[in-house]
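Novice: Questions regarding the structure given below will be posed in turn.
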């Protein structure tokens with residue numbers, strides 16, 4: 001017997017794996033398949049989660065307007081459902097999406113909200129990602145607060161390495177390298193980028209590896 005809610009959930013979990021690896025095409029494919037099922041069976045929680053991750057994939061594929069709209073639709077549905085489960089992840093995706101389009105104020109607002117959604121110790125992945133997003137947006141918004149921004153990014157890296165979240169740690173190293181460049185510390189930035197590139201190579205994350213090489 002076909003279990004459609006479980007099938008929708010499986011598509012979401014696959015999309016999360018593809019998001020970690022930067023395999024945006026497969027992410028979008030899985031999210032769309034799961035979304036079609038979730039809508040058909042009325043699984044509104046899964047509709048929210050899949051809309052959010054679908055939007056992030058679309059942003060990374062270059063369709064920022066549709067992607068941001070999809071993330072925002074997911075977040076609105078979460079608010080209607082009264083759930084904060086996984087919401088910090090969605091809000092971080094929104095922050096990253098806005099930052100990729102140089103919408104710095106919107107990115108910082110979303111990142112600040114993501115931090116506020118994370119009681120310390122409740123979700124190491126969400127907590128560390130929110131810290132990185134906030135640091136990324138803060139140093140773009142206010143260069144006078146580079147030290148504060150760096151503290152958030154460094155805390156993200158420490159937590160990610162401590163919990164074995166190597167893909168996220170490598171991505172955070174790239175964020176730290178961008179900040180170091182803004183401080184004029186180009187040698188330290190290059191060392192971090194080389195370390196991140198090595199990790200991306202080890203973990204078969206070619207999109208992220210190519211991004212580092214383009215910096």
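Novice: Can you tell me the orientation of helix 124-141 relative to the chain, as the angle in degrees between its alpha-carbon axis and the longest Cα principal axis, to the nearest 10?
Specialist: The angle comes out near 60 degrees.
Novice: Order by neighbour count: 178, 60, fewest other Cβ atoms within 10 Å first, most last.
Specialist: 178, 60
Novice: Here is a further query. Find the relative contact order for the chain and round it to a whole percent, using C-alpha pairs within less than 8 Å whose residues are 6+ positions apart.
Specialist: 13 percent
Novice: Roughly what angle does helix 87-100 make with the longest principal axis of the chain, taking Cα atoms, 0 to 90 degrees, to the nearest 10?
Specialist: The angle comes out near 60 degrees.
Novice: Work out the P(r) tail for the chain: percent of alpha carbon pairs separated by more than 25 Å, whole number.
Specialist: 36 percent
Novice: Note the full-extension length gain between residue 211 and residue 166 as 0.36 nm times their separation in residues minus their Cα-Cα distance, in nm to one decimal.
Specialist: 14.5 nm
Novice: Separate question: Hey, what angle do you get for helix 4-21 against the long axis of the chain, alpha-carbon based, 0 to 90 degrees rounded to 10?
Specialist: 10 degrees
Novice: Sort largest first and round to whole Å: the equivalent ellipsoid semi-axes of the stretch 1-83, each the square root of five times a Cα gyration tensor eigenvalue.
Specialist: 19, 16, 9
Novice: With the cut-off at 20 Å, report for the stretch 114-215 the share of all Cα pairs above it, as a whole percent.
Specialist: More than 20 Å apart: 36 percent of the Cα pairs in the stretch 114-215.
Novice: Using a Förster radius of 30 Å, what is the FRET efficiency between residue 148 and residue 44 based on their Cβ-Cβ separation? Nearest 0.05, please.
Specialist: Working: r = 38 Å, r/R0 = 1.26.
Working from the Cβ atoms, E equals 0.20.
Novice: Something else now. On alpha carbon coordinates alone, what is the Rg over Rh value for the stretch 40-113, Rh being the Kirkwood radius?
Specialist: The Rg/Rh ratio comes out at 0.98.
FYI, it's all coordinate maths here, none of it is from the lab. Bear in mind that the values here come from a model prediction, so they are computed numbers and not experimental data. Cβ sites come from the backbone with ideal geometry, for glycine too, and all protein chains shown count toward neighbours.
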